[in-house]
């Protein structure tokens, strides 16, 4: 019966340790892979956690899923980048008090050979038109993320419904898509932050940039407690205030990866 | 080749340096899997024993069902429990989603059919005289069953080892129900998935090596129990 005793001890131990992890107050933040993978959150969150004696649980998914998690009340606050979807989220009463946090921009990456000859273009839709015309490989996120919805709006602006052997819908995160485009020598739309973070792992170049349509704003939205009474609205509001307040903003502005600034402030 | 070599180097330094974050994910993996497998054993072993010994109508159908459940894809378990545990689901008020408890529940669902199946095999394959001898020696039916389980402990522990292997190595349930939250629900497997998605292949593989090492230690321990 020694076995049973050992197992019992193990069980008690594991329950004990599992429980201590539950002790502090937890704020659930659904956000995009770009904020998590860029490493920004790991410097941005600790001061807030310390000041409010809480833990921020980061659930890093695509913007589409992050908004869904807000709608179902499975998280307390969202930090995302898809303005149209965010406005709908607020208009339908799921979120309250949306605030601008920061921005960066999207770029079109491609191989140095540049078979579609888009280098130097500043018009995103124009570049996509040329890629489609050349039937050059294009890797799409295909996952309803903020980047994906931006890509779809660009295709729409170009008047093209992308389909065919050259158009690959990956259904994966930004980093994986950059890796995939690198391996397949294709083009892709990426947020600049993730691209900079990946620079050492890819030889793709920024070929098209600077279009107003490629602007990428991030917003923070607490989930509406009227829809979901269990939401920790005070902590969520405090978090939104922290991100948009002096301390959070200066951390965002001073964050560098590979010596480059990833996110910019509204001034 | 450089990539594989780098991973091994990385893995060894991770283990030796006792990196806090890695230690945390190892711990999360271990304790969720351990609790899950103990719960699965608490359900699976009695159920398997009952099925292995019992002779009743529909037994074959139950066995077939059990075999089928062994093939449950982890993402399907994740999806179903996600629907249950989400705030919109029937058990939403428990607030289970994105906590270790949700992962434990999912892993238990995965492991129970495996434990039950292996137990059926162990019990059905045992010397049929064990029960009858114990009974003729005056043991109660419960006592006789205990004797049977003791005699078949090799098979029972194999059942637990198999179930444990399944839950500690799975990624679907942990990712969907746990949410891969750093320091809370990030397990070895979701950490590997994350590092891979970040393009940190060497680090991901290093974590894989650490995971295997942990599994080795656990199995050495269970092996000791079997030898007793």
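The values are calculated or read from the model by the stated rules, or taken from the named source; none is laboratory data. For clarity, every value in this text was computed on a predicted model and none was experimentally measured. FYI the Cβ positions are ideal-geometry reconstructions off the backbone, even for glycines, and counts take in every protein chain you see.
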Any hit, segment B:98-111, residues being surrounded by fewer than 16 Cβ atoms within 10 Å (Cβ to Cβ), outside any helix (DSSP H, G or I) and out of contact with any strand residue (DSSP E or B) (no Cβ under 7 Å at 6 or more places or on another chain): no
Within segment A:180-190, residues closer than 18 Å to residue A:106 by Cβ and either crowded, with 18+ Cβ neighbours inside 10 Å or away from chain B (no Cβ under 14 Å) (or both) come out as A:181, A:182, A:186, A:187, A:188, A:189, A:190
Counting only helices (runs of 4 or more DSSP H) wholly inside segment B:150-228, the ones holding at least 3 residues that are away from every other protein chain (no Cβ under 11 Å) and over 14 Å from residue B:30 (Cβ atoms) are B:153-169, B:201-227
Scanning segment A:225-251 for residues that are in contact with a strand residue (DSSP E or B) (Cβ under 6 Å, 6 or more places away or on another chain) and crowded, with 21+ Cβ neighbours inside 10 Å, the one modelled with the lowest pLDDT turns out to be A:231
State the number of residues belonging to segment A:194-240 that are under 30 Å from residue A:27 (Cβ atoms), under 16 Å from the mean Cα position of the chain (by Cα) and assigned to a helix (DSSP H, G or I). 5
State all residues of segment B:1-26 that are exposed (fewer than 10 other Cβ atoms within 10 Å of the Cβ), assigned to a helix (DSSP H, G or I) and within 27 Å of the chain's Cα centre (by Cα); if no residue qualifies, say none. B:16, B:20
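If you take the residues of segment A:53-92 that are part of a loop (DSSP other than H, G, I, E, B) and under 19 Å from residue A:172 (Cβ atoms), which of them is farthest from the other protein chains (Cβ to nearest Cβ)?
Among residues in segment A:53-92 that are part of a loop (DSSP other than H, G, I, E, B) and under 19 Å from residue A:172 (Cβ atoms), the one farthest from the other protein chains (Cβ to nearest Cβ) is A:82.
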